[in-house]
Each structure stands twice: as structure tokens, then as C-alpha cells.
Amino acid sequence: MSLEHTLSISEFKMFQKLIYEEIGISLAEHKRTLVQSRLRKWLNEFNLNSYEELYEKIANDSSSQMLMLLVNAITTNVTSFFREENQWIYLQNNIKELFDEPNKTIRIWSAACSSGQEPYSIIMFLKEHLSNFHQWDIKILATDISEDILKKAIKGIYTQKDIENMPKHVVLKYFDIFKNSNGSKNFVIKDELKQYIVFRSFNLVTGNFLMFKNKFNLILCRNVMIYFDRPTQNQLLEEFAKLLKENSRLFIGHSESIHTKNSKYKLAAPSIYKPN
Ligand SMILES: C[S@@+](CC[C@H](N)C(=O)[O-])C[C@H]1O[C@@H](n2cnc3c(N)ncnc32)[C@H](O)[C@@H]1O
């Protein structure tokens, strides 16, 4: 196939619909070249002659493996340790009020955890700031739609660049450090942290929320709702509201917002909400 082959408007519309229905992401028209460049390698890989053939292959694959390729090609996995600094300061200032259950349980959901920096930041934070940490029953559920990125999250292997903004004493305490033959270093999350986190794949748009048996003290759904349209965001916020404990919080990304008319939530601090 020629490199000049372009994703036609009608082909783009087919992918646009599939991506909206299966992943919940609404792709604007101007994303056509982005989708084209992300999908091009699969034409070569599967020896296909057009994007339409690729569409057929994905749409007709009952194993969903092809759909996963699409997910991995389209979604952005950008993340970092202790992202959205104001939320960590808020947690530190409100830790006693937020986690005060007599039965000493903490349930947290990192709802689009990408390569794991978000749930690992939570457990590092709790280890650093929760008094009598070992007396608590703590479970962090970390989910993402992308199975590829979850594999990375489970391994918990990071580069020098990934950890560069973290205090050195935190890195030394929670990572095993390995030197590679080329002189670079790998920073691997210690097992003592991993034991608190369960990684699972979950699609926030098409997933079955009835599978959640317990409510959460804190849900983080950061920097993913921005890809969804308002109806999809509202539907997701409805589901989260049912899963939040009375004295709980929902953290969203700083460029995301919940409409002031949404009666299920009230603003606690920028990008932090309480259930109403
Ligand atoms: C930009 S990352 C955000 C990671 C992290 N929450 C943060 O704020 O740093 C967005 C993540 O959302 C995931 N994602 C996209 N669509 C999703 C969906 N429908 N259900 C669940 N996760 C989704 C992507 O795979 C990606 O890992």
C-alpha cells in the first residue's frame, strides 16, 4: 500500500462511530490525520489495502483483541507520579477527616490508571502520611481500558525521567534501583507497595458498574473524562455517585469540570468534589 494513502472522510466517520461506541471517546473532525497516523502501521502489519479493510477486521473480531489495538492506538496514556499537586496537598490537609472509619478500612479507585503512577502515588502517600498505617485495611483498585498499559502498570518499572520530580528519599524508600548495561537505571516499585493494589481492565463507558460490591472513600478519575462528550461524562458521574461513601471525595483532572447544576456533587476544592 502506498504511504500517501489517506484516511478518507467516510472511513474516518466509521472509526469515529466505532471509537465513540466502544471507548466513549468523541473524536473531532480535525483528529482525522492523527487517527490516520496512529492506524497506518496496522495496515502494513496486517497487509491490508485500505483503512476500510482495517475497520472491517476490527469490527468483525469477536475476541476484541483488534479493538484493543484501536484503544491502544487512540488513547493517550500521559501520566506522572503525584500529578495535580493541589490534590495531594488537599489530601494531606484533610487526611484525618477523610479516613476516619472506626473499622479502619480504606477503599480507593484509580479509575483510569494508565501506567500505574497514580495508584502507586496513592499508596506511597498513605505510607508517608497516614498514622498507624499498618493498622488499616487498605485496598486500591486500579483500572484502565488498555490492557497493554495495564501490563506496564503491573510491572511497575520506571525510568529516571519518570521519577525525576520525586523527592530522593521517597524514591530510595519505595523503588528497587537497577543499573542497565548502557548505564541507565530502572526504578521498580517494591512489592510491599504492590500488595495493596489490584489492577483490572475496565471500560468506563461500556463497563458494568454493578460488579462493584463496595463503596469507595476516594475515586480518582483524572484526565480521561476530557475525551468524553457531556452525556457520557454525566452518565459516568452518576455511576461514581452511587459508589462513593458518605464522607468521600472524587478527584478529577484540573482541566475537567462538573457542571454546577449537577446536584449529586458539591465542590470541595478545585477539581475535588464531595457527594451531595
Ligand atoms: C491521560 S491518561 C490519565 C492517567 C491518570 N489518570 C492521570 O491523570 O495521570 C488517560 C487514560 O484513560 C484511559 N482510558 C481512555 N478511555 C477509557 C475508557 N473508556 N475507560 C477506561 N479507561 C480509559 C487510557 O487508556 C489512559 O490510560
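Assuming a viscosity of 1.002 mPa s and a temperature of 20 °C, what translational diffusion coefficient in µm² per second does Stokes-Einstein assign to the chain, Rh being the Kirkwood radius over Cα pairs?
It diffuses with D of about 105 µm²/s by this estimate.
A straight chain from residue 230 to residue 72 at 0.36 nm per residue would run longer than the Cα-Cα distance by 54.6 nm.
Of the beta bridges DSSP finds with both residues in the range 130-231, what % are antiparallel, to the nearest 5? Around 60 percent of the beta bridges assigned by DSSP in the range 130-231 are antiparallel ones.
Rounded to the nearest 0.05, what FRET efficiency do residue 18 and residue 261 have when you use their Cβ-Cβ distance and R0 = 30 Å? Efficiency for this residue pair is about 0.40. Within the range 157-200, the proportion of C-alpha pairs whose separation exceeds 11 Å stands at 69%. Considering only 16, 272, 253, the residue lying farthest towards the positive end of the dipole of the chain is 272, judged by Cα position with unit charges set on Cβ. Only the Cβ atoms of Lys and Arg (+1) and of Asp and Glu (-1) were treated as charged; on that basis the dipole of the chain about its Cα centre amounts to roughly 740 debye.
Take every DSSP beta bridge whose two residues both sit in the chain; close to 40 percent of them are antiparallel. A crude spin-label estimate for the pair residue 26 and residue 46, with each label 7 Å from Cα along the Cβ direction, gives 2.8 nm. Counting only residues at least eight positions apart within a chain, or on another chain, the aspartates and glutamates with an alpha carbon under 15 Å from that of residue 13 are 21, 22, 29, 52, 53, 56. Positive end of the dipole of the chain (Cβ unit charges, origin at the Cα centre): among 120, 91, 178, the Cα lying farthest that way belongs to 91.
With protein chains left intact and a 1.4 Å probe, residues in the chain average 52 Å² of accessible area per residue.
Computed in the context of the full set of protein chains, the accessible area of the chain at 1.4 Å probe radius has 50% of its extent on carbon or sulfur.
Charge dipole (Cα centre; +1 on Lys/Arg Cβ, -1 on Asp/Glu Cβ; no other charges) of the range 187-239 amounts to roughly 120 debye.
Quote the FRET efficiency, to the nearest 0.05, computed for residue 148 versus residue 97 with a Förster distance R0 of 45 Å and r equal to the Cβ-Cβ distance.
Computed FRET efficiency for residue 148 and residue 97 comes out at 0.75.
With a Förster radius of 22 Å, plug the Cβ-Cβ distance of residue 104 and residue 242 into 1/(1 + (r/R0)^6) and report the FRET value to the nearest 0.05. Calculated value: 0.40. Using only side-chain charges placed at the Cβ, +1 for Lys and Arg and -1 for Asp and Glu, the dipole size of the range 53-133 relative to its Cα centre rounds to 260 debye. With 28 Å as the limit, the listed pairs 41/179; 127/155; 104/190; 173/245 have 41/179; 173/245 beyond it between alpha carbons.
With the charge dipole of the chain set up from +1 on Lys and Arg Cβ and -1 on Asp and Glu Cβ about the Cα centre, the Cα lying farthest toward the positive end among the listed residues 129, 60, 244 is that of 129. Taking K and R as +1 and D and E as -1, what net charge do the other residues with C-beta under 15 Å from the C-beta of residue 99 add up to? Its environment carries a net charge of +3.
The values are calculated or read from the model by the stated rules, or taken from the named source; none is laboratory data. Quick caveat: nothing in here was measured; it's all calculated off a predicted structure. Note: ideal-geometry Cβ built from the backbone for every residue, glycine included; neighbour counts use all protein chains shown. Note: accessible area is taken over every heavy atom of the protein model, side chains too, but ligands, DNA and RNA are not part of it. Shrake-Rupley method; radii C 1.70, N 1.55, O 1.52, S 1.80 Å.
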